[in-house]
Amino acid sequence: WRFEFMNEVGVDAGGLQREWFQLITEEIFNPDMGLWLPSATNQMAMRINPSSEMACPEDHLIYFRFLGRVMGKALFDGQLVAGHMVRHLYKHLLGWPVMFEDLELPDEDYYKSLKSLLELDNVEDMCLDFTFTENALGENRVVDLIEGGSDKTLTNDNLPDYLEANLMYHLMDRVKPQLKELLLGFYDVIPEPLLTIFDFQELELVSL
């Protein structure tokens with residue numbers, strides 16, 4: 001890649017490249033753009049906005065594919081990006097499994113409320129079903145965590161399934177289209193086999 005800024009005279013000897021990666025990723029990760037949101041636990045760790053389509057209705061997925069390519073190119077060239085993602089997204093890039101504890105960083109309060117169910121003698125007293133109520137631009141909507149979730153009552157026997165369904169929805173299904181494009185863009189530049197030298201913590205560090 002060669003970089004040239006419009007209406008500016010500059011030789012691409014590395015400085016323009018660094019500035020380009022900085023400016024581009026600052027803009028894409030900017031919450032005002034509507035593609036990303038700060039996590040509830042750490043304002044510096046960004047999570048995908050499930051409602052990104054409302055912010056950029058015509059091209060929000062194009063931006064995620066583009067960002068994936070930019071992140072891959074930055075890693076390949078030893079450049080830094082201006083956005084720090086929540087931990088489980090680095091696991092997705094590496095194809096690592098996400099764990100229940102990964103729910104804590106995006107939303108600590110919800111993670112604690114789910115974890116507290118494990119301490120109850122009888123979870124049926126909570127009168128819960130396999131649904132989740134989320135707020136999108138000020139409007140609440142009920143989402144089935146599994147097919148027919150509103151008709152499935154939470155019990156002690158199916159509590160592990162309930163926790164797994166929440167994990168899958170919050171860290172994958174809720175942002176599946178955006179996550180898919182981010183991964184495809186990243187793999188456009190970095191072949192998956194080359195990523196085996198990293199664990200998710202190392203990938204997070206070299207991308208900051």
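Select the helices (runs of 4 or more DSSP H) contained entirely in the stretch 139-208, then report the ones holding at least 2 residues which are touching a residue at least 12 places away in the same chain (Cβ under 8 Å), of a type in the set (Phe, Trp, Tyr) and surrounded by 13 or more Cβ atoms within 10 Å (Cβ to Cβ). Before the answer, list the steps.
Values: elements: 159-171, 176-189, 200-206.
Per the criteria, 159-171, 176-189.
Is it the case, given these coordinates, that Gly83 is at positive phi and not aromatic (Phe, Trp, Tyr)?
No; evaluated as a whole, the condition is false for this residue.
Return the only residue of Met71, Met85, Met33 being modelled with pLDDT of 90 or more and touching a Cys at 6+ places or on another chain (Cβ under 9 Å).
Met33
One residue is enough: does the stretch 46-67 have a residue meeting the conditions aliphatic (A, V, I, L, M), assigned to a loop (DSSP other than H, G, I, E, B) and open to solvent by 50 Å² or more (accessible area, probe 1.4 Å)?
Within the stretch 46-67 (the criterion being aliphatic (A, V, I, L, M), assigned to a loop (DSSP other than H, G, I, E, B) and open to solvent by 50 Å² or more (accessible area, probe 1.4 Å)), the answer is no, since none of the residues qualifies.
Conditions: (1) over 25 Å from Leu37 (Cα atoms); (2) at pLDDT below 95. Asp161 meets all but one. Number of the miss?
The single condition Asp161 does not satisfy is (2).
On the basis of being surrounded by 15 or more Cβ atoms within 10 Å (Cβ to Cβ) and in contact (Cβ under 8 Å) with a residue 24 or more places away in the chain, does Asn122 make the cut? Spell out how you get there, then give the answer.
On the way: surrounded by 15 or more Cβ atoms within 10 Å (Cβ to Cβ): no; in contact (Cβ under 8 Å) with a residue 24 or more places away in the chain: yes.
So Asn122 does not fit the description; no.
Scan (1) assigned to a helix (DSSP H, G or I); (2) more than 21 Å from Met46 (Cβ to Cβ) for the single condition Asp102 breaks and write down its number.
All conditions are met except number (2).
The values are calculated or read from the model by the stated rules, or taken from the named source; none is laboratory data. Keep in mind the model is a prediction, meaning the values are calculated, not measured. Backbone-built Cβ (ideal geometry, glycine too); neighbour counts: all protein chains shown. All accessible areas refer to the heavy atoms of the entire protein, side chains included, with ligands and DNA or RNA removed. Shrake-Rupley method; radii C 1.70, N 1.55, O 1.52, S 1.80 Å.
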